[in-house]
Amino acid sequence: MDALMAATEPQINALAPYKRLVVKIGSALLVDTKTGKLREPWLESLAASIATLKAQGREVVIVSSGAIALGRRILGLSAKSLPLEQSQAAASAGQIALSQAWAGHLGKHGIVTGQILLTPNITEERRYFLNARTTVNTLLSLGAVPIINENDSVATLEIRYGDNDRLSARVASMIEADLLVLLSDVDGLYTAPPARDPLAKHIPFVAGITPDIEAMAGGAASHLSRGGMTTKIEAGKIATHAGTAMIIASGTGPDPLGTLMNGGIHTLFAPTATTKAARKRWIMGTLEVVGHITIDDGAVRALGTGRSLLPIGVVTVSGDFVPGDAVAIHDLSGREIARGLAGMDRETAELVKGKKSDAIKEMFGLNTRTELVHRDNLVLLKA
């Protein structure tokens, strides 16, 4: 179901309309603030609900905090604010424990996990963005659950997402998720911070993030979490403008995803466009075309049936592009018929044009990606 339509229809099961979900888990939910240990029963219940979602044919990506919080205890560091070098060390030690925890609990349900650590350049620079997107999509196609976190062991104060709310929104945008679920210590957005205003009212649905909605957000959070409602609203802007619906719900109780599937209270933010429309606008309107590719009639027909652009159908290549750059695709008459993101650089494209995929693999190795423009990164132009 279209994510925009789904986000405007009341649902007892809040997750029912969505196929691809990104779920963000904060440190304060996953790690006991007093002991620094994992909340094992909580994680066990969450894993069971993820298994239920997967059994229903849904794809799930987890953005999980907790590495630094776990690493503090492992390394015997203070629970208070840490200097950068100790935070990085804690993240390094804690990430191993965090990955083992997810692998163990999901493994009980026969689910394989894959770990991906991101830094801002990966979701902001096109060539890295495409590689990360392909990795996540491949893991999902193989039935695995990707576990994503910021690479805090190398990130600096100047070069970081700053919190996993925004990171999860970037991930949801990158993989064109239908829904982003932010599990928090509150059950949604209120007209005012409920801790400060006992008369604050819960808002079940937000059609669009306006200045009034932003004004309702408050800050807060324990030392284990860098987020607050303000960062969740910022995440909502990223997600909804990319065509992804967003839910803010309480994660403090047992089985928070199961609660959402059984009518649990939450706030749903509607996307401003479908994911496909948002991606099409990004490719067509945001990126500067730096290369041009002319293809034969057979390749034109192949693109029309939804296939990727393979080198065998390429006649000429021009421009100076690298993987991730925008390229215009022309037919033999010179008419632009499509636009997309290059999967290889100009020099490589020149070498492989007109060649079959098998020949290209012989040239560069069996693991070589042979699409000049993958269909996921291609927009056909109307005649």
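Some values worked out for this structure:
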quantity	calculated
Residue list for the stretch 18-37, filter: at pLDDT below 95 and surrounded by fewer than 19 Cβ atoms within 10 Å (Cβ to Cβ)	Asp32, Thr33, Lys34, Thr35, Gly36, Lys37
Positions within the stretch 185-199 being of a type in the set (Asp, Glu) and over 20 Å from Ala270 (Cβ atoms), in sequence order	Asp185, Asp197
Residue within the stretch 52-69 that is closer than 19 Å to Asn149 by Cα, of a type in the set (D, E, K, R) and in contact with a strand residue (DSSP E or B) (Cβ under 7 Å, 6 or more places away or on another chain) present	yes
Pair list, Cβ under 9 Å, 6 or more apart: the stretch 206-218 residue of a type in the set (Ser, Thr, Tyr), other residue surrounded by 11 or more Cβ atoms within 10 Å (Cβ to Cβ)	none
Verdict on Gly304 being surrounded by fewer than 15 Cβ atoms within 10 Å (Cβ to Cβ) and farther than 25 Å from Leu30 by Cα	yes
Residue in the stretch 136-158 that is surrounded by fewer than 17 Cβ atoms within 10 Å (Cβ to Cβ), modelled with pLDDT under 90, in the same structural domain as Gly94 (by TED's automatic domain parsing) and hydrophobic (A, V, I, L, M, F, W, C) present	yes
Lone unmet requirement of (1) among the polar types (S, T, N, Q); (2) within 30 Å of His241 (Cβ to Cβ); (3) not in a loop (DSSP other than H, G, I, E, B) for Asn13	(3)
Strands (runs of 3 or more DSSP E) wholly inside the stretch 259-357 containing at least 1 residues that are among the aromatic types (Phe, Trp, Tyr) and in the same structural domain as Leu182 (by TED's automatic domain parsing)	267-269
Some residue of the stretch 281-301 being buried (at least 18 other Cβ atoms within 10 Å of the Cβ), of a type in the set (Phe, Trp, Tyr) and closer than 23 Å to Glu125 by Cβ	no
Qualifying positions in the stretch 298-322 - within 23 Å of Asp358 (Cβ to Cβ), polar (S, T, N, Q) and without any contact (Cβ under 8 Å) to a residue 60 or more places away in the chain	Thr305, Thr316
Matching option when the condition is surrounded by fewer than 18 Cβ atoms within 10 Å (Cβ to Cβ), in the same structural domain as Val22 (by TED's automatic domain parsing) and out of contact with any Cys (no Cβ under 6 Å at 6 or more places or on another chain), among Ile74, Ile68	Ile74
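The values are calculated or read from the model by the stated rules, or taken from the named source; none is laboratory data. Note that this is a predicted model, so its numbers are computed, not measured. Note: ideal-geometry Cβ built from the backbone for every residue, glycine included; neighbour counts use all protein chains shown.
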